[in-house]
Amino acid sequence: MIRVAILIDGAYFLKRYKHTYGYGDPPAKVAKNLFKMCLEHIDKKTDTLYRIFFYDCPPFDQKAHNPVTGKAVDFAKTKLYSFRKGLYEELLKKRKVALRRGRLGVAARGWVIKPDPTKKLLSKKIAIDDLTEFDVEYELTQKGVDMRVGLDIASLAYKKLVDRIILVSGDADFVPAAKLARREGIDFVLDPMWQRISDDLFEHIDGMQTKCPKPKALKS
């Protein structure tokens, strides 16, 4: 039997989920769809699932003052925080699913104006005084996620724990890890969830398979 490990870049998966499955699904449904998508990569006749690894950062739980309104925002009480925590709980209920958590840091810029209102400001369609509390966001950075993905790929490859690695991502930063796995004889497959990938990344994988629904924009 071919032993298969599936590694999922959590932030990437959730971003693409909106385009493939749709918006507004509760944590339980997202976890169910994720697990189903992973199982569709497994051929019951020839494959056996080693483990599903889900990489993400815990949601931000601190307070900050919105620069437009001056009001304090408690991020631990936001819908995003509740969703992320709920998703982790649902994933941990699934068989052979392991969570790998990085850490979340505040970017140097802190609060930033979102892209759309920034364009309107630059084109002078709106003025600074026209900005609302929803036109800004608190910029955060993930730390340690890519490193954990790379370390797990190296460990799986060097220890010969699996025969195939399926990576759910589209990040070219994983090229060195993919090259290492292939040098160790691992069949390295990418699932970019219908996202176009760079030629550099495509060059260093053994195949590409997508098992989630096709976005409406791509359907003929």
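Those strands (runs of 3 or more DSSP E) of segment 135-220 in which at least 1 residues are touching a helix residue (DSSP H, G or I) at 6+ places or on another chain (Cβ under 7 Å) and surrounded by 20 or more Cβ atoms within 10 Å (Cβ to Cβ), considering only elements entirely within it, cover 164-168, 187-191.
Within segment 1-20, being in contact with a strand residue (DSSP E or B) (Cβ under 7 Å, 6 or more places away or on another chain), surrounded by fewer than 18 Cβ atoms within 10 Å (Cβ to Cβ) and more than 18 Å from Gly102 (Cβ to Cβ) holds for Met1, Ile2, Arg3. For segment 19-36, check the following and say yes or no: at least one residue is more than 18 Å from Met208 (Cα to Cα), free of Cβ contacts under 8 Å to residues at least 60 places away in the same chain and touching a helix residue (DSSP H, G or I) at 6+ places or on another chain (Cβ under 7 Å). No, segment 19-36 contains no residue that is more than 18 Å from Met208 (Cα to Cα), free of Cβ contacts under 8 Å to residues at least 60 places away in the same chain and touching a helix residue (DSSP H, G or I) at 6+ places or on another chain (Cβ under 7 Å). Which count do you get for residues in segment 39-55 that are acidic (Asp, Glu) and in a strand (DSSP E or B)? Of the residues in that region, 1 qualify.
If the condition is being exposed (fewer than 14 other Cβ atoms within 10 Å of the Cβ) and not in a helix (DSSP H, G or I), then segment 21-38 contributes Gly22, Tyr23, Gly24, Pro26. Taking the conditions exactly as written (under 30 Å from Ile128 (Cβ atoms) and part of a loop (DSSP other than H, G, I, E, B)), does Pro58 satisfy them or not? No; evaluated as a whole, the condition is false for this residue. If the condition is being touching a residue at least 40 places away in the same chain (Cβ under 8 Å) and farther than 21 Å from Val145 by Cα, then segment 55-74 contributes Ala64, Asn66, Pro67, Val68, Thr69, Lys71, Val73. Against the criterion of being touching a Cys at 6+ places or on another chain (Cβ under 7 Å), free of Cβ contacts under 8 Å to residues at least 60 places away in the same chain and more than 24 Å from Ile113 (Cβ to Cβ), Ile52 qualifies. Can you report the number of residues in segment 153-173 which are farther than 20 Å from Pro192 by Cα and either in contact with a Cys (Cβ under 6 Å, 6 or more places away or on another chain) or among the polar types (S, T, N, Q) (or both)? Count: 1. Restricted to segment 137-160, and to residues there that are modelled with pLDDT of 95 or more and among the hydrophobic types (A, V, I, L, M, F, W, C), the residue that is farthest from Gly70 (Cα to Cα) is Ala157. Screening Ile197 on (1) out of contact with any Asp or Glu (no Cβ under 6 Å at 6 or more places or on another chain); (2) at pLDDT 95 or above; (3) of a type in the set (Val, Ile, Thr) shows it passes everything except condition (2).
Residues of segment 89-139 that are of a type in the set (A, V, I, L, M, F, W, C) and touching a Cys at 6+ places or on another chain (Cβ under 8 Å): Leu104 alone. Pairing residues of segment 77-99 that are surrounded by 14 or more Cβ atoms within 10 Å (Cβ to Cβ) and among the β-branched types (Val, Ile, Thr) with residues that are modelled with pLDDT of 95 or more and not in a helix (DSSP H, G or I), at Cβ distances under 7 Å and at least 6 apart in sequence or on separate chains, gives Val97/Ile52; Val97/Phe54.
Looking across segment 199-220 at every residue that is more than 22 Å from Arg164 (Cβ to Cβ) and of a type in the set (Gly, Ala, Ser), the one that is farthest from the chain's Cα centre (by Cα) is identified as Ser220.
The values are calculated or read from the model by the stated rules, or taken from the named source; none is laboratory data. Keep in mind that this is a model prediction, so the values were computed, not measured. With ideal geometry, Cβ positions are generated from the backbone for all residues, glycine too; neighbour counts draw on all protein chains shown.
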